[in-house]
Amino acid sequence: MTESAPVDPTSTDAWKQLAGIADGFTPDLRGWFDADASRADRYTFQAADLTVDLSKGLVTEEILGHLLKLAEDTGVADRYQAMISGEHINATEDRAVLHTALRRPKDGAGLVPEKGFVVDGQDVDKDVHATLDKVFAFADKVRSGEWVGVTGKRIETVVNIGIGGSDLGPVMVYEALKPYVQAGLEARFVSNIDPTDVYEKTADLDPETTLFIVASKTFGTLETLTNARLAREWLWKKLADAGVLADSDDARKGAVAKHFVAVSTALDKVAAFGIDPENAFGFWDWVGGRYSVDSAIGTSVVIAIGPDNWREFLAGFHALDEHMRTTPLEQNVPVLMGLLNVWYSNFLGAQSHAVLPYAQYLSRFPAYLQQLTMESNGKSVRWDGSPVTTDTGEVFWGEPGTNGQHAFYQLIHQGTRLIPADFIAVANPGHPLKDETGDGAGVEPGQDVHELFMANFFAQTKALAFGKTAEEVRAEGTAESVVPAREFSGNRPTSSILAPALTPSVVGQLIALYEHIVFVEGTIWGIDSFDQWGVELGKQLALQVTPAVGGDAEALAAQDSSTKALIEKYLALRK
């Protein structure tokens with residue numbers, strides 16, 4: 001299928017109007033709030049369980065009107081419908097993009113497209129739920145103790161071996177939902193080909209109670225298969241050292257069959273590794289790695305939290321999918337947040353975007369979003385192969401609050417760069433604790449610690465928005481020579497996302513929210529947000545360089561002078 005050429009956003013009247021406003025634009029959040037008592041209400045929206053306050057953004061009704069027109073002119077709503085219907089909007093790979101199909105409810109009630117829709121000859125709903133049922137059945141066996149290792153002991157630790165989308169999503173969700181993990185079960189995650197990773201993750205494990213999940217669609221990912229072989233050698237050695245594994249190929253094969261499963265569609269390679277193909281869980285070409293956490297890639301987390309919680313997780317995704325599909329653009333949270341990102345990056349010069357979760361269980365969320373956002377929208381050509389006509393993508397980064405406050409907030413508050421920031425928090429913590437002693441200097445005995453935490457969440461967005469004037473600083477008796485250093489300009493844009501609690505559903509909602517934000521931006525820029533050719537060249541060159549690193553003189557001589565000198569230095573240092 002050949003897609004039509006994307007609309008050049010810079011050719012639209014909306015873009016030209018926005019460019020005119022941006023020229024000489026002077027935001028005034030203090031003035032805007034003073035002049036408009038309804039601003040907070042007007043710019044606060046609901047998406048499923050997420051309350052999203054955009055009122056501290058650098059936006060006016062005029063700006064928002066032009067942004068919404070830009071979304072209409074570039075066909076955001078139509079392209080979203082094309083995506084969920086299975087059209088091949090991944091142009092460079094000629095594939096459908098159907099991660100939204102992974103969370104469509106089994107009963108099919110009210111689905112659009114209708115239940116049983118067929119894409120490229122495949123009954124999507126049927127296959128998705130057949131795989132999901134298979135994953136659930138396996139998870140129940142592990143959780144109940146029915147599935148045991150080669151010596152008959154129940155599984156206590158699940159080690160997921162994958163990289164990129166086969167790691168970042170599962171580890172983030174596992175950390176986010178730790179309160180839901182079954183007692184006596186633990187998950188660990190190996191991704192880096194640095195041998196330290198697999199060594200440290202297995203060093204204190206009992207091989208008799210460890211299950212490895214090798215997550216690689218093609219069962220050929222270099223890092224993943226290297227780590228899988230290291231894990232297999234570890235298993236064999238530790239079992240043999242314990243005197244429970246005979247020195248025979250059949251015994252070793254039997255151990256792998258009980259301690260390894262796969263998430264892959266390459267069943268021949270799975271079998272060659274020693275894994276029973278019946279214990280391989282597949283997914284499809286229309287699921288990109290960074291969009292795959294709610295597929296069989298999440299098997300490790302399904303085992304940890306259980307099928308019922310996973311169903312709630314999927315329902316959270318679907319709730320945001322439906323919000324995206326059915327909500328008018330002017331009330332549509334992913335659309336509005338995506339449009340604001342375009343405004344900040346393309347018109348106000350922002351180059352990065354901070355994601356600041358005030359929830360320790362979301363500590364891995366910024367790292368997850370780095371792949372989701374930057375692998376999707378870090379493109380310099382449009383989906384028809386023509387050059388982009390404007391900047392694309394933002395550098396996403398962040399840390400949990402309040403840790404970040406003591407690290408990099410200085411730059412956000414008083415630096416010279418505009419850094420839009422998303423603040424994420426929950427009203428009810430996983431572990432409500434009180435400081436029974438207090439400090440005698442403001443923290444009273446019995447203080448609810450989550451309230452202290454949330455006070456920082458609210459205070460930071462307030463400080464970023466409204467700042468502190470020189471007059472306010474002087475009124476505190478500050479020496480005149482220090483006044484400039486203690487002045488805060490304000491007008492630093494933030495979005496606040498507040499949820500009732502960090503439930504499986506809310507985690508699904510948060511992921512889907514950012515998936516759709518990425519989609520909105522990519523559509524406006526006219527790029528294919530679902531390929532990732534930029535990751536390929538380095539991997540190809542690594543295979544060419546490997547012989548040189550191993551001491552092959554001919555391969556070393558073929559390198560450029562810088563690479564050759566670095567490898568020579570490495571070889572001299574390597575003991």
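Is it the case that some residue within region 503-525 is open to solvent by 60 Å² or more (accessible area, probe 1.4 Å), at negative phi and out of contact with any Lys or Arg (no Cβ under 7 Å at 6 or more places or on another chain)? No, region 503-525 contains no residue that is open to solvent by 60 Å² or more (accessible area, probe 1.4 Å), at negative phi and out of contact with any Lys or Arg (no Cβ under 7 Å at 6 or more places or on another chain). Please determine whether any residue of region 558-573 is of a type in the set (Gly, Ala, Ser), surrounded by 13 or more Cβ atoms within 10 Å (Cβ to Cβ), on the phi < 0 side of the Ramachandran plot and not in a loop (DSSP other than H, G, I, E, B). Among the residues of region 558-573, not one is of a type in the set (Gly, Ala, Ser), surrounded by 13 or more Cβ atoms within 10 Å (Cβ to Cβ), on the phi < 0 side of the Ramachandran plot and not in a loop (DSSP other than H, G, I, E, B), which makes the answer no.
Just one of Thr416, Thr389 is within 20 Å of Val520 (Cβ to Cβ), open to solvent by 20 Å² or more (accessible area, probe 1.4 Å) and either polar (S, T, N, Q) or touching a helix residue (DSSP H, G or I) at 6+ places or on another chain (Cβ under 9 Å) (or both); which is it?
On the way: Thr416 fails: within 20 Å of Val520 (Cβ to Cβ).
Residue meeting the stated conditions: Thr389.
Residues in region 238-272 that are within 30 Å of Gly298 (Cβ to Cβ) and assigned to a helix (DSSP H, G or I): 16 in all.
Consider region 366-382 and keep the residues that are among the aliphatic types (A, V, I, L, M) and under 23 Å from Val173 (Cα atoms). The one that is nearest to the chain's Cα centre (by Cα) is Leu369.
When region 463-484 is filtered for residues that are under 26 Å from Gly349 (Cβ atoms), open to solvent by 70 Å² or more (accessible area, probe 1.4 Å) and either touching a Leu at 6+ places or on another chain (Cβ under 8 Å) or free of Cβ contacts under 8 Å to residues at least 12 places away in the same chain (or both), nothing remains. Taking region 419-438 as the range and being within 26 Å of Ser345 (Cβ to Cβ) and either open to solvent by 80 Å² or more (accessible area, probe 1.4 Å) or not in a strand (DSSP E or B) (or both) as the test, the residues that pass are Ile419, Pro420.
Here region 277-298 is the region considered, the condition is being among the acidic types (Asp, Glu) and surrounded by fewer than 16 Cβ atoms within 10 Å (Cβ to Cβ), and the residue that is nearest to Asp531 (Cα to Cα) is Asp285.
The sole residue among Asp531, Asp552, Asp560 that is at pLDDT 95 or above and in contact with a strand residue (DSSP E or B) (Cβ under 7 Å, 6 or more places away or on another chain) is Asp531. Close Cβ contacts (under 7 Å, 6 or more residues apart or on different chains) running from residues in region 54-68 that are farther than 19 Å from Gly24 by Cβ to residues that are open to solvent by 30 Å² or more (accessible area, probe 1.4 Å) comprise Ser55/Ala40; Ser55/Thr44; Leu68/Leu329; Leu68/Glu330.
Kindly evaluate Asn309 against the criterion of being farther than 29 Å from Lys134 by Cα, part of a helix (DSSP H, G or I), open to solvent by 10 Å² or more (accessible area, probe 1.4 Å) and not small (Gly, Ala, Ser). Considered against the rule, which asks whether it is farther than 29 Å from Lys134 by Cα, part of a helix (DSSP H, G or I), open to solvent by 10 Å² or more (accessible area, probe 1.4 Å) and not small (Gly, Ala, Ser), Asn309 comes out as no.
The values are calculated or read from the model by the stated rules, or taken from the named source; none is laboratory data. As the structure is a computational prediction, the values presented were derived from the model and not from experiment. A quick note on method: Cβ atoms are made from the backbone with ideal geometry, for glycine too, and the neighbour counts reach across all protein chains shown. Only protein heavy atoms, including side chains, enter the accessible area calculation; ligands, DNA and RNA are left aside. Shrake-Rupley method; radii C 1.70, N 1.55, O 1.52, S 1.80 Å.
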